[in-house]
Amino acid sequence: MTTTQITHARFVSVPVADQDRALDFYTGALGFEVLIDQRMGPKRWIQVAPKGAQTGFTLIADDPSYAPGSARGILLETSDLDGDCARLTEAGIPVEGPADLPWGRQATLTDPDGNAFVLAAPAAF
């Protein structure tokens, strides 16, 4: 078997209906940083990420290949699950959990388009 030299994912595409609304959510509610916000031909390329993260999120709009709200199973790790859940709830973001599960503690939330995220404490493996 051949071993690859892949080191990390550069970005994950998150389909949104309104890039400005999504940008406000990801930077305001989640505290992500804007890595790129520029025009690329007729499209706007917006990439955000948690501070210091290797993997960013590209907020894709107006692309028939991506249905807004269709992203699922994206796991965001936090060092303060209870605190982040409380802060998001106080900001009006519906959060389900946190809950203790056999594989760890986690909560779930969605962005304004319905893209689903898991907010998890570090795994205790």
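The values are calculated or read from the model by the stated rules, or taken from the named source; none is laboratory data. As the structure is a prediction and not an experimental result, all values here were calculated from the model. For neighbour counting, all protein chains shown are included, and Cβ atoms are generated from backbone atoms with ideal geometry for every residue, glycine included.
I need the full set of residues from region 18-42 which are of a type in the set (A, V, I, L, M, F, W, C) and farther than 20 Å from CYS85 by Cβ, in order please. Answer for region 18-42, where residues must be of a type in the set (A, V, I, L, M, F, W, C) and farther than 20 Å from CYS85 by Cβ: ALA22, LEU23, VAL34, LEU35, ILE36, MET40. Considering only residues that are free of Cβ contacts under 8 Å to residues at least 12 places away in the same chain and touching a strand residue (DSSP E or B) at 6+ places or on another chain (Cβ under 9 Å), which ones fall in region 63-99? Listed by number, the residues that qualify are SER65, ALA86, THR89, ALA99. Residue count for region 94-109, restricted to those that are within 16 Å of the chain's Cα centre (by Cα) and surrounded by 17 or more Cβ atoms within 10 Å (Cβ to Cβ): 4.
Restricting attention to region 10-51, the residues that are over 13 Å from the mean Cα position of the chain (by Cα), assigned to a loop (DSSP other than H, G, I, E, B) and at pLDDT 95 or above total 2.
Mind checking which residues of region 62-81 are within 17 Å of THR110 (Cα to Cα) and either more than 14 Å from the chain's Cα centre (by Cα) or part of a loop (DSSP other than H, G, I, E, B) (or both)? Within region 62-81, TYR66, ALA67, PRO68, GLY69, SER70, ALA71, ARG72, GLY73, THR78, LEU81 meet the criteria.
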